[in-house]
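Everything on this sheet refers to the single structure shown next.
The values are calculated or read from the model by the stated rules, or taken from the named source; none is laboratory data. For clarity, every value in this text was computed on a predicted model and none was experimentally measured. Please note: Cβ atoms are built from the backbone with ideal geometry, for glycine as well, and neighbour counts cover all protein chains shown.
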Amino acid sequence: MRIFMRHRGIRMVLLFCGAVLYAFSVARLLEPNRVAPGGVSGLAIIFNHFTGITAGFWIIVLNIPLILLGIKSFGLRFFEKTIFVICTSAAFVSLFETFPVPLKDPLLAAACGGCVDAVSIGLILKLGGTTGGTDIAAKLLNKKYPRMEMGKLFIVIDLMVVAFSAVAFQNIEAAIYSGLCVVVTGNLLDRILYGGELAKMLVIISNRSEEIGRHLLGEIDTGVTYLKGNGGYTFQEKNVIICIIRKRLLPGTLHMIHETDAEAFVIVTSADQVVGKGYQVENS
């Protein structure tokens, strides 16, 4: 599957599909029901309500300053995909606005729209792009606070827009539906990006294993076990670290390992059941 995903043409097709799916959610599920999903798309829906100008137009306009800020932090190559996704989704938002509305129940629209948003955003993020707006802001915050999961960052940022939508639409029910959409999107997105497991097992091979071990014990607050190993090519003796961490700590742990030793070899696997002193996890 990963070899399949490495082909540039296939990745661009999947990015296109993710952008179209995201546009459909905004244009036909959320916007007609006055559900502001947060971020730039939520602001675009609010501005569309007051100005009558299509949400696709506002998505592009509001993303410009965020794109410039993101390019400064992540580089132009990363944002080639983001610009592609933003332009594609904005164009299809305008196109989908001519289609009939499939759901006219705000509760169903919020739940379904949140699920569709999570799937489309998760696909786009896994392929190295973003939908702009909240994605960029969340990535910037995740870079500064790597231990925070992306889904949780989405919830924090988007709830600010939800609060604004309550004032803009002067409708507390619309804000509640928007909040529901944000929570559904954020939690489902975490499961898509990090998996549904409660725990992860890491096997770490590094020339700086003692330093990584100290960080794991002190910063991550998890136990470590050292195994003796020899490199098959160099025959150099190394300490191999095995440890179990909570799933939510994985992003910060990988960031710490990379900061300590950029050449460390890390294997991450799912730990479906962990039973032992001080630690017990069973996936239901």
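Would you mind stating whether residue 7 is in contact (Cβ under 8 Å) with a residue 40 or more places away in the chain and either more than 16 Å from residue 89 (Cβ to Cβ) or outside the structural domain of residue 133 (by TED's automatic domain parsing) (or both)? The answer is no for residue 7. The requirement of being farther than 25 Å from residue 160 by Cβ, assigned by TED's automatic domain parsing to the domain that holds residue 53 and not polar (S, T, N, Q) is satisfied by residue 126. At least 1 residues that are crowded, with 23+ Cβ neighbours inside 10 Å, at pLDDT below 80 and of a type outside the set (S, T, N, Q) in each: list the helices (runs of 4 or more DSSP H) lying fully within segment 149-222 that qualify. Helices (runs of 4 or more DSSP H) meeting the threshold: 150-169. Inclusion of residue 253 among residues that are free of Cβ contacts under 8 Å to residues at least 40 places away in the same chain, outside the structural domain of residue 141 (by TED's automatic domain parsing), under 26 Å from the mean Cα position of the chain (by Cα) and surrounded by 13 or more Cβ atoms within 10 Å (Cβ to Cβ) is not warranted. Output yes when any residue across segment 75-85 is modelled with pLDDT of 75 or more and more than 20 Å from the chain's Cα centre (by Cα), and no when none is. No, that holds for no residue.
Residue-level analysis places residue 118 outside the set of residues that are assigned to a helix (DSSP H, G or I) and over 23 Å from residue 141 (Cα atoms). Taking residue 81 as the residue in question, decide whether it is among the basic types (Lys, Arg), assigned by TED's automatic domain parsing to the domain that holds residue 37, closer than 24 Å to residue 183 by Cα and assigned to a helix (DSSP H, G or I). No, not satisfied. Scanning segment 105-145 for residues that are of a type outside the set (A, V, I, L, M), at pLDDT below 75 and surrounded by fewer than 24 Cβ atoms within 10 Å (Cβ to Cβ) gives 139, 142, 143, 144, 145.
With the structure loaded, tell me whether residue 102 is surrounded by fewer than 16 Cβ atoms within 10 Å (Cβ to Cβ), in the same structural domain as residue 173 (by TED's automatic domain parsing) and either without any contact (Cβ under 8 Å) to a residue 60 or more places away in the chain or more than 20 Å from the chain's Cα centre (by Cα) (or both) or whether it fails that test.
In short, yes.
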